[in-house]
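Written out below as structure tokens is the structure these notes cover.
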Amino acid sequence: MNSSVVSIPRPNTGYFRVFWLGLMAAVLVLSQSLQAAARPDSLADLAEEISDAVVNITTSTVVAGSRGPNPIVPEGSPFEDFFREFQDRNGDRPRRSSALGSGFVISEDGYIVTNNHVIESADEIVIEFFGGDELEATVVGTDPNTDIALLKVEADKPLPYVSFGDSDTARVGDWVMAMGNPLGQGFSVSAGIVSARNRALSGSYDDYIQTDAAINRGNSGGPLFNMDGKVIGVNTAILSPNGGSIGIGFSMASNVVKNVVGQLKEYGETRRGWLGVRIQDVTPDMAEAMGLEKTSGALVTDVPDGPAKDAGILQGDVIVNFDGTDVIDTRSLVRKVGNTEVGKAVRVTVFRDGKTVTLKVTLGRREEAEAIPAAQSREDAAPDEPTEMLGLTLSPVTDQLREELNLKPNTQGLVVMDVDETTEAYEKGLRAGDVITEAGQQKLSSAKDLQDRVDEARDAGRKSLLLLVRRAGEPRFVALSIIED
């Protein structure tokens, strides 16, 4: 049988080069088309679709009159009596003050969301709709903590409204559109992108979306929309040196607002979960001092009477998981607890003495507990002489120091009499008048107790020691290095 070698024909390189160039060109055109689809040439259709649900808000408040500055009239002038009589007649007359803001309708039966600061202390609230109609509104409820207010108008027909979107799905770089009443100029639209997420300004429940869409005075309370026409934020604040927009605006995330609005609608007030602990963030040196593997969680500085104390949470515990969610820091824990239903029994995992312990806590209501002062331990203090240690001059608590520092009658611990300004203790914020009540999560009654805790930590190979420090009754933890020179 004859055999022959059949070779594979060599491809036409010119043909393949043309083919691949054509394919690459098609991919480039498709990529540009997708980009164009992601960035609409116009927002007009979207603005037209949702603008009927955005409203202007005008508030009116009666304020007490003020005499203001007296005119400069020479003594003995014939005009002196005239100006005095005019001032007496008109100086204290009450006057009406007006303010402007924005809002948006969230239901066809007339519920409207805006900022609390827009309607705070208002005697009269007038809602102006896109078509020019006006209706008076009543306040359903407010939440100063998130600066959200819920209003209600009575209309003779169903109102156009918009829905909340999921703010957690908003990504940095996504297109957004703000609508409102900037500087009292009437309905206005501005567009930009999400510049940042999870911004905190000053509140415990802050979760702001930062945007470069133009937001000015009067935009407060207006909606921030995604490209699907869903509200993902409520425009609340701007960062500006001159009062005008410089491209740094903040909108409260819709997932926070939805929860608040739901409670205001149902109860007329907020009902946030309350765990009943004072907490602070865990720092790397604290984590090392306690033997934590990760610098995360919320360190419990105090446990007043309440749900946490009843469940067995202790001062010095580190809360690492709440209701199935890992705790990153104090802010995340506060938000998670606040958004949890009052009365719910949750599992809380704490790190204690080198191991984790899971406890079951039935949450209370924060609003009812905020006015209750935290209980402090009352134990007898042992006398001792002033001692210098860790850059601190320490003295046992005496009756005289209790009186001078306004301490509880049976406060126990060591009073910081002086701090060496060249030491780590000064850098960490310790000052004269502070009271150290615990070291290594054990109570102190004398300088010897503190020295024992230092020695124990060194023997265990620790580089730092955790101190519980109180200033004006407020507790915090500080980790100081105990490495010997």
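The values are calculated or read from the model by the stated rules, or taken from the named source; none is laboratory data. These numbers come from a predicted model, not from an experiment. FYI the Cβ positions are ideal-geometry reconstructions off the backbone, even for glycines, and counts take in every protein chain you see.
Annotations for the structure displayed:
- Residue in region 194-201 that is hydroxyl-bearing (Ser, Thr, Tyr), within 20 Å of Ala253 (Cβ to Cβ), touching a residue at least 24 places away in the same chain (Cβ under 8 Å) and part of a loop (DSSP other than H, G, I, E, B) present: no
- Candidate set: region 288-322, residues that are part of a helix (DSSP H, G or I) and at pLDDT 90 or above; chosen: the one nearest to Leu363 (Cα to Cα): Pro307
- Residues that are part of a loop (DSSP other than H, G, I, E, B) and either within 17 Å of Asp310 (Cβ to Cβ) or touching a strand residue (DSSP E or B) at 6+ places or on another chain (Cβ under 6 Å) (or both) within region 323-356 comprise Asp323, Val327, Asp329, Thr340, Val342, Gly343, Lys344, listed in sequence order.
Per-residue answers, yes or no, for (1) surrounded by 18 or more Cβ atoms within 10 Å (Cβ to Cβ); (2) part of a loop (DSSP other than H, G, I, E, B); (3) touching a helix residue (DSSP H, G or I) at 6+ places or on another chain (Cβ under 8 Å):
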position	(1), (2), (3)
Arg171	no, yes, no
Val189	yes, no, yes
Asn255	yes, no, yes
Lys265	no, no, no
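- Some residue of region 442-450 being modelled with pLDDT under 90, among the basic types (Lys, Arg), assigned by TED's automatic domain parsing to the domain that holds Leu394 and part of a loop (DSSP other than H, G, I, E, B): no
- Scanning region 146-160 for residues that are surrounded by 18 or more Cβ atoms within 10 Å (Cβ to Cβ) and part of a loop (DSSP other than H, G, I, E, B) turns up Thr146, Asp147, Leu159.
- Selected residue [at pLDDT below 90, closer than 26 Å to Tyr161 by Cα and not assigned by TED's automatic domain parsing to the domain that holds Val260] from Glu134, Glu120: Glu120
- Filtering region 148-167 to residues that are more than 23 Å from Thr270 (Cα to Cα) and either in contact with a Lys or Arg (Cβ under 7 Å, 6 or more places away or on another chain) or hydroxyl-bearing (Ser, Thr, Tyr) (or both) leaves only Tyr161.
Condition check ((1) within 34 Å of the chain's Cα centre (by Cα); (2) acidic (Asp, Glu)) across all residues:
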residue	(1), (2)
Glu404	no, yes
Pro409	no, no
Leu414	no, no
Ile436	yes, no
Ser446	no, no
Ala457	no, no
Leu465	yes, no
Glu474	yes, yes
Phe477	yes, no
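- Single residue of region 110-135 satisfying the filter (among the hydroxyl-bearing types (Ser, Thr, Tyr) and surrounded by 14 or more Cβ atoms within 10 Å (Cβ to Cβ)) that is farthest from Ala253 (Cα to Cα): Tyr111
- Pair list, Cβ under 7 Å, 6 or more apart: region 428-452 residue under 20 Å from Ala472 (Cα atoms) and among the hydroxyl-bearing types (Ser, Thr, Tyr), other residue surrounded by fewer than 21 Cβ atoms within 10 Å (Cβ to Cβ) and at pLDDT below 90: Thr437/Lys443; Ser445/Ala382
- Qualifying residues in region 357-383 (those that are part of a loop (DSSP other than H, G, I, E, B) and modelled with pLDDT of 50 or more) - the one surrounded by the fewest Cβ atoms within 10 Å (Cβ to Cβ): Ala371
- Residues located in region 450-481, provided they are farther than 21 Å from Ala287 by Cβ and buried (at least 19 other Cβ atoms within 10 Å of the Cβ): Leu450, Arg470
- All told, Asp212 meets the bar of being touching a residue at least 24 places away in the same chain (Cβ under 8 Å), closer than 26 Å to Phe130 by Cα and not small (Gly, Ala, Ser).
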